[in-house]
Every structure is written in structure tokens, then in C-alpha cells.
1. Tell me which residues come under 5 Å, amide H to amide H, from Gly80 once H is placed; ignore anything under 5 positions away on its chain.
2. How much mean residue ellipticity at 222 nm does the chain get from its helices, if each DSSP H run of length 4 or more adds -39500 (n - 2.57) and you divide by all residues, to the nearest 500 deg cm²/dmol?
3. Percent relative contact order of the chain, based on C-alpha pairs within less than 8 angstrom and at least six residues apart?
4. Once you order the gyration tensor axes a ≥ b ≥ c over the Cα atoms, which shape class does segment 1-45 get: rounded for a/c under 1.5, otherwise prolate or oblate by comparing a/b with b/c?
5. Quick one: Debye curve from the C-alpha atoms of the chain, no solvent, what's log10 I(q)/I(0) at q = 0.11, 0.22 Å⁻¹?
6. Just the accessible area per residue of the chain, please: how many Å² with a 1.4 Å probe?
7. How tilted is helix 83-99 with respect to the longest principal axis of the chain? Cα atoms for both, answer in degrees (0 to 90, nearest 10).
8. Hey, any idea what % of segment 8-100's accessible area is carbon plus sulfur with a 1.4 Å probe?
Amino acid sequence: MPTAPPKMSEAEIRTALAALPKWSYTAGKLHREYQFADFVRAFGFMAQAALAAEAANHHPEWFNVYRTVKIDLATHDAGGVTSKDVELAKTFENLAVGAK
């Protein structure tokens, strides 16, 4: 099994969040809440995000109600946020642009 990347420091996380202004660092995880036009667009985003997460072998914690999708990212093997979480957050941001 591949080794998880190292856990990022809070300073490294703050620096990474500068490129992800709608994300926050909450309860030891990267967090973002998306609002889409309707349920179909929210679900379409989740379907695309699921494929991207599977390809990266890195899976989010998420919650969906109607047009809202809440996502938390952390690398459990590393005990916190790693570069894998930052990269997946960037991927989700790119996917969300097309899903709005």
C-alpha cells in the first residue's frame, strides 16, 4: 500500500488556502460548501467529483441535501491535511465551475 504524503503544518495549509479562497480549515479538515442551481446540477457535480476522487484514490467526506454539497477533506493515514487534499480540492473547484 502506498505511503500517505506528510501531514501539512497549519502555515502550509494557510498558504494552500490562498489559492482556494472558498475553502476553510475547520476541525482539522479542508471544508467547502457548494450551492448549485438545483439537485440535478449538485448530483452531476458529485458524480464527476466521485470519478476524480476514485482516479486519485482519495475520497472525500461529503453530504448532500437538494442543491447543497458539503465536502471535508483530510488524509486519514496521515492524521490530517496533506497535499492530496489540496490537489483534490483544486480538482473539485474546476469541476464545480462547469456544474453551476
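The values are calculated or read from the model by the stated rules, or taken from the named source; none is laboratory data. These numbers come from a predicted model, not from an experiment. In this analysis, Cβ positions are derived from the backbone assuming ideal geometry, glycine residues included, and neighbour counts consider all displayed protein chains. Side chains included, ligands, DNA and RNA excluded: accessible areas come from the protein's heavy atoms. Shrake-Rupley method; radii C 1.70, N 1.55, O 1.52, S 1.80 Å.
1. Here the answer is Thr75, since their amide H atoms fall under 5 Å of that of Gly80.
2. About -14000 deg cm²/dmol.
3. 36 percent
4. Oblate shape, in that a/c is at least 1.5 and b/c is the bigger or equal ratio.
5. Here log10 of I(q) over I(0) equals -0.30, -1.14.
6. Details: 5860 Å² over 100 residues.
Ligands and nucleic acids excluded, the figure is 59 Å² per residue.
7. Helix 83-99 sits at roughly 10 degrees to that axis.
8. 56 percent
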